[in-house]
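See below for the structure under consideration.
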Amino acid sequence: MAELPTVRIGVIGDAGVGKTSLITATATETFSESPPPVLPDTRLPAQCTPEGVPLRIIDTSSKPEDRSSVEEKIRSCDVIVLLFTLDKPDSLRRVSSYWLPELRRLKAKAPVTLVLAKTDLVPNDQVLQELKADKLDPIVQRNRQVETCMDCSAKGLSHVGEVFYTAMKAVIYPSAPLFGPAGANGIGQIKPAAINALNRVFMLCDKDKDGALSNKELNAFQTKCFSAPLQPEELVGIKKVVADKVPGGINQKGLTLDGFIFLNALFIERGRLETTWAILRCFGYGNNLRLNESEIAAARLVPAPDQVAELTPDVRKFLLQKFKDADTDRDQLLSPEELQHLWSTAPDSPWQGPRYSGTMVETAGRGCLTREGFVSMWTFMAATDHLAAVEYLVYLGYEGPITGILQLKGRRQELTSRSTTKAVPRSFLKGLVFGGESSGKSTLLRGLVGTAGQGSHSSDEALPHSAVNRVDCSSGTSSSSGFRENSKAITLAEPGQTWLQLSEVSMRAAEGMLASSNCSEQLLGYDVAAFLFDCSRPQSFREARLLLEHVATASGNTMPCVLVATKDDLGMHTAVEKDCGHACLALHLPLPISVSLQLGEGRSVYQELIKAAQQPSRAIPETPSLKAAQQFRKTMRQAMLWTGVGACIAVGGYIVYRSVRNPIWTNAALAPSECV
């Protein structure tokens, strides 16, 4: 087992408060009447602490000329022990007036253990109790950095070891992540992040999912965390305490979640933070109350630029079950409140920030998330941030092998120019939607999630606007329209399902993309591109064609492209119809798909985009650059062919020449005995 990192403990305070004497008494278990002014760093090996943590105790000078050295030492410490004594009244006053402000000035974030030294000079315990209530408790309440207060006597060897053990525990069992400052009632509160972590622990231990921990489940939990089961009398005692303090903390099935949270809050309030931390660390949490990297290290795949991370069918089954469990009112929707409860076992909701706020999925009224929208968001998350997807699946209680959450699939085979083989289907495809103003880009995206006639979106926004949904490739319908037409739901966990993400790109954004030095790398992350134009406006088609040629060329002539004629209900302009025929003939592309997006005819577009991505050979435009490259390759093949023929003729001529020129050598080679 690797040695734990050393905890650096700095001892500070006014002159004469007993800093050096305290360190000496701890290290030697003796009291020196004449200690040196400052001790060198004192190291206590791991065997000296119950947790097996080595300590380095750093003494500090009280001389003004050593101030810079003291400041440097303070900044390097993991925890601070701040001493004061009653025989030097100013030392207590300077705790609040100098030392704690000084720590803030130095930006020292180390927790502080406040220690009353020389208790052998205190007349009686009553004085200590009054001091704690009148002076020390207010200091702790006003200064969150102060973890705890205690007392010791180096001369009497009283509590000297406990001072540094308590300081060490403030580092390895910090209270700040678990417990908040006291409120108006003077009582501290367990923090939401700690509650969420304990919610997950409870969920994982509740094997039968009945909302309570039975005696068997409690003993399994106790054995996992502390390597020993609870005794029958201990079980009875725990349940009695919970039943007396928390209504509903105990029911007929066992200990409820409220009771479980109460017990841990009780441990924390009574200073037994090591108990709660032992539980959290047993279930993979670090001091920041997030899962340790080792818990998800097996999933730290590094996709190549042409690879996409996808959820496996087993994970989709798990997500569908989580949706069902979170849907408490059984309306086949997740309300914002139900979704918030779903994340109660995670540090926060992962679907925050511009990446997710700018992505549409299928929803119903009041912002409720449908089952399709829920799985679509997870599919999008896996493809765009696979590490976060793995982490939050574990937070939700996924207990299968981490390596079985994701599968990497490459798109390079699908993007091979003029490929004659059908690519291996992937379940998640990404497409770009180009087009001029009022060409219908936003309407196409909203139609993918079933809201084609709702709202508006400016095509000039800096960030691409995206939509994600499952598309029924058999009929070309998105899942939203498919469910309206067929009340029988398709199992989302079945293999062979296809999710499509479409991101709209305004003309301004397209110009910026094409002008960037890494344009080809950006395009490599997408599987297909749609180019929309208003079929009633010739200029709109000319813009779409020009953009198509630029994008196809920038992609290295590997991007499948689909032309879409929108506003078909207005009729196609004669000039547009003629130009379309010439352009598609020149580019070797199918004729544009004519649709009226306002009438909800986008389904054929989604189908065609998926077909183009899965069979790119039918949708790679023959741009001038591609034709030039093909002509160059043809010329090179011909040159190599004639070069080979010429070389063969030369070699053959040389052999004939030698045969005619030197027939004796030939005869000798064929019949060496005749040459003797």
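Among the residues of segment 140-157, which ones are among the hydrophobic types (A, V, I, L, M, F, W, C), over 39 Å from the mean Cα position of the chain (by Cα) and open to solvent by less than 50 Å² (accessible area, probe 1.4 Å)?
Hits for segment 140-157 are Met150, Cys152, Ala154.
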Worksheet entry | All positions within segment 569-586 that are under 22 Å from Met507 (Cα atoms) and in contact with an Asp or Glu (Cβ under 9 Å, 6 or more places away or on another chain) | Val576
Item to complete: Look through segment 13-36, keep the residues that are assigned to a loop (DSSP other than H, G, I, E, B) and at positive phi, and return whichever of them is least open to solvent (accessible area, probe 1.4 Å).
Response: Gly18
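Within segment 351-364, can you find the residues that are of a type outside the set (Val, Ile, Thr) and in contact with an Asp or Glu (Cβ under 8 Å, 6 or more places away or on another chain)?
Within segment 351-364, Arg355, Glu362 meet the criteria.
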Worksheet item: Across segment 55-98, what is the number of residues that are under 14 Å from Gly18 (Cα atoms), in a helix (DSSP H, G or I) and either of a type in the set (Ser, Thr, Tyr) or open to solvent by less than 10 Å² (accessible area, probe 1.4 Å) (or both)?
Response: 1
Worksheet item: Scanning for something more than 17 Å from Gly18 (Cβ to Cβ) and assigned to a loop (DSSP other than H, G, I, E, B), does segment 115-125 turn up at least one residue?
Response: yes
Worksheet item: Would you say Leu273 is touching a residue at least 12 places away in the same chain (Cβ under 8 Å) and buried (at least 19 other Cβ atoms within 10 Å of the Cβ)?
Response: yes
Worksheet item: Among the listed residues Gly440, Gly455, Gly450, which satisfies the condition of being at pLDDT 85 or above, at positive phi and open to solvent by 10 Å² or more (accessible area, probe 1.4 Å)?
Response: Gly440
Discussion item. The conditions are (1) of a type in the set (S, T, N, Q); (2) open to solvent by less than 70 Å² (accessible area, probe 1.4 Å); (3) outside any helix (DSSP H, G or I), and Thr328 fails exactly one of them. Which is it?
Written reply: (2)
Worksheet item: Got a sec? Which helices (runs of 4 or more DSSP H) wholly within segment 158-270 have at least 1 residues that are open to solvent by 40 Å² or more (accessible area, probe 1.4 Å), under 30 Å from Ala326 (Cα atoms) and touching a residue at least 12 places away in the same chain (Cβ under 8 Å)?
Response: 192-205, 215-226, 232-245, 257-269
Item to complete: Confirm whether Asp125 is surrounded by fewer than 17 Cβ atoms within 10 Å (Cβ to Cβ) and either more than 46 Å from the chain's Cα centre (by Cα) or of a type in the set (Lys, Arg) (or both).
Response: yes
Practice prompt. Go through the residues of segment 566-576 one by one and say whether even a single one is open to solvent by less than 40 Å² (accessible area, probe 1.4 Å), among the small types (Gly, Ala, Ser) and under 16 Å from Ala619 (Cα atoms).
Written response: no
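Aliphatic (A, V, I, L, M), open to solvent by 30 Å² or more (accessible area, probe 1.4 Å) and within 19 Å of the chain's Cα centre (by Cα): which single residue out of Leu339, Leu291, Leu311 fits that description?
Being aliphatic (A, V, I, L, M), open to solvent by 30 Å² or more (accessible area, probe 1.4 Å) and within 19 Å of the chain's Cα centre (by Cα) holds for just one of Leu339, Leu291, Leu311, which is Leu339.
Output the residue which, of all residues in segment 347-358 that are assigned to a loop (DSSP other than H, G, I, E, B) and within 20 Å of Arg371 (Cα to Cα), is most open to solvent (accessible area, probe 1.4 Å).
Of segment 347-358, the ones assigned to a loop (DSSP other than H, G, I, E, B) are 347-353, 358.
Retained after the next criterion (residues that are within 20 Å of Arg371 (Cα to Cα)): 349-352, 358.
Details: Ser349: 30, Pro350: 19, Trp351: 38, Gln352: 120, Gly358: 19 Å².
Going through the qualifying residues, I end up with Gln352.
The values are calculated or read from the model by the stated rules, or taken from the named source; none is laboratory data. Please read all numbers here as calculations on a predicted model, not as lab measurements. So basically every Cβ, Gly included, is an ideal-geometry build from the backbone, and we count neighbours across all protein chains shown. Side chains are part of the model used for accessible areas, which takes the heavy atoms of the whole protein and leaves out ligands, DNA and RNA. Shrake-Rupley method; radii C 1.70, N 1.55, O 1.52, S 1.80 Å.
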